[in-house]
1. Would you point out the residue of region 373-408, among those that are modelled with pLDDT of 85 or more and touching a helix residue (DSSP H, G or I) at 6+ places or on another chain (Cβ under 7 Å), that is surrounded by the most Cβ atoms within 10 Å (Cβ to Cβ)?
2. Just for region 257-307: of the residues that are part of a loop (DSSP other than H, G, I, E, B) and of a type in the set (Lys, Arg), which one is modelled with the lowest pLDDT?
3. Identify the residue in region 357-381 that is assigned to a helix (DSSP H, G or I) and touching a residue at least 60 places away in the same chain (Cβ under 8 Å) and, among all such residues, is nearest to the chain's Cα centre (by Cα).
4. If we only count strands (runs of 3 or more DSSP E) wholly inside region 160-228, which ones have 2 or more residues that are modelled with pLDDT of 95 or more, closer than 30 Å to residue 288 by Cα and touching a helix residue (DSSP H, G or I) at 6+ places or on another chain (Cβ under 7 Å)?
5. Can you find, within region 215-253, the residue that is surrounded by the most Cβ atoms within 10 Å (Cβ to Cβ) among those that are farther than 23 Å from residue 349 by Cα and among the β-branched types (Val, Ile, Thr)?
6. Looking at region 418-459, which of its residues are assigned to a loop (DSSP other than H, G, I, E, B), surrounded by fewer than 19 Cβ atoms within 10 Å (Cβ to Cβ) and polar (S, T, N, Q)?
7. Go through the residues of region 25-45 one by one and say whether even a single one is touching a strand residue (DSSP E or B) at 6+ places or on another chain (Cβ under 8 Å) and either of a type in the set (Ser, Thr, Tyr) or more than 24 Å from residue 93 (Cα to Cα) (or both).
8. Only one of 197, 186 is closer than 18 Å to residue 305 by Cα and not aliphatic (A, V, I, L, M). Can you tell me which?
Amino acid sequence: MSNSVDEQVLLKKVRHSKFFDGDWYVAKYAEVEASGLTPECHYLRYGAELLFDPGPYFSTRYYFAMHPHLRRKNSNPLIHYARQTKRGYRQENTLKAANEIALSGQHSRAIKLAARDLPEKYAHSMNILKANRALSQGSQSQWLYYLNKYLQAVNTSSIALNGEGGLVHQLSPKQSKQVSGGPLVTVLMAVYNASETLEMAVNSVLNQSWQALELLIVDDASEDDSWIILNRLARTDRRIKISRNAHNVGCYVSKNLASKEAQGAYITSFDADDWAHPDWLHSAMQYMSADKQSLPVTSSLKIKMTLSGRIINLCKVGSNFSQGGVSHRTCAATIFERKFFQQVLGGWDSVRCAADTELIARCETLLSSQLRVLNFISSLVFMRPDSLTSHPEYGVIDGKRSAIRNEYRENFVRWQQSLEAEAAFFMPFPHSNRNFKAPAAMLPDSAAVKHVVEAGFKS
């Protein structure tokens, strides 16, 4: 860029921006002083392209991520920002922006940004940034302290660490009063190569304060020690019933298979790499049993983490997707009245991924209503790098669905919107004919499915 009149105008905009700090910029990036250019000139000509930040409260990397066209056009993010708004970061994006900064290792800077710009209504979400900072510093106790502060702010009781094994294996109820009596709840679980997290997940279900439950688990032809672990766990608690598929057919075929054996008045599912909050079922049952006008389906919230405990998927606050930018509606732990599930819905679509989303959307279309989402964290969801959700072809990366998932969603939305009679929403298991087209890559082998269905759930 030449030293033109136009450049002088842009330099003035950079210099006068509340987010530009020349002294900080020079101290942060050694090559600036060596260039012989003023800080604002260096940022305008080279800094943004190098992903340098103009000051401690503006993330160039984050802004380019939010506006990818700017980098293609070689446009300066700080100039663009000045033109778009009179106020620094838009408040609803503060948490996401702060998280981007934290991912670069600048945790204190991220927390300062959140403290300044996060809407007061969602100030409690800042505790998650502090929890992640504590984890980066190796302090599990501080991680737990800030996570519990967040949980308490969203109507969820504190949890504890029992001091044994890795962090995810230490999770335990703090003090949870057992609830006897009440309707039986059937929990379905499909397992595939989950030996690292399986015992944690199963125990978190068994340790529910709501004791009237049965846990039906299908091992989907695991190649690791999952089946050995399941046999050991089943011997310790008669509420567990296990079965093993001869072929791998996917979690939804497995859960459909188990659902046929359900004895509970209510039915739900839980993943083998998640941790259930001890009051999950009790909170849901209190609502569903007390309110006779309630819908026959109730969902709740989840927090996503890595296996190391770093809380991920922080996003825009105040949206339908996530009010506080941290927790998100869970599909897997949604609770259904069993009669409604078996007689009206039929079951999950027999695909390898995304069927939870389709089932929830089917409920919403059928009931002509947004489902009740309890303001309660029912589960901590651990994102394994080898899971389908993390897969670049089949999963959801940084909140963006893969092309296959998008195609699948377009197809099921089109089908659901075309339905009128309640009976048309029923999805039989096993499928003789599909209700709508699904990408071929999402479908399990039909011969394997037939063999597994014929064998049935063998406890």
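The values are calculated or read from the model by the stated rules, or taken from the named source; none is laboratory data. From a predicted model like this one, the values you see are computed outputs, not experimental measurements. Note that each Cβ is placed from the backbone with ideal geometry, even for glycine, and that neighbours are counted across all protein chains shown.
1. Out of the qualifying residues, it is 378.
2. 292
3. Out of the qualifying residues, it is 360.
4. Because the criterion is at least 2 residues that are modelled with pLDDT of 95 or more, closer than 30 Å to residue 288 by Cα and touching a helix residue (DSSP H, G or I) at 6+ places or on another chain (Cβ under 7 Å), the strands (runs of 3 or more DSSP E) in region 160-228 that meet it are 185-191, 213-219.
5. 240
6. 418, 432, 433, 459
7. yes
8. None of the other options fit; the residue is 197.
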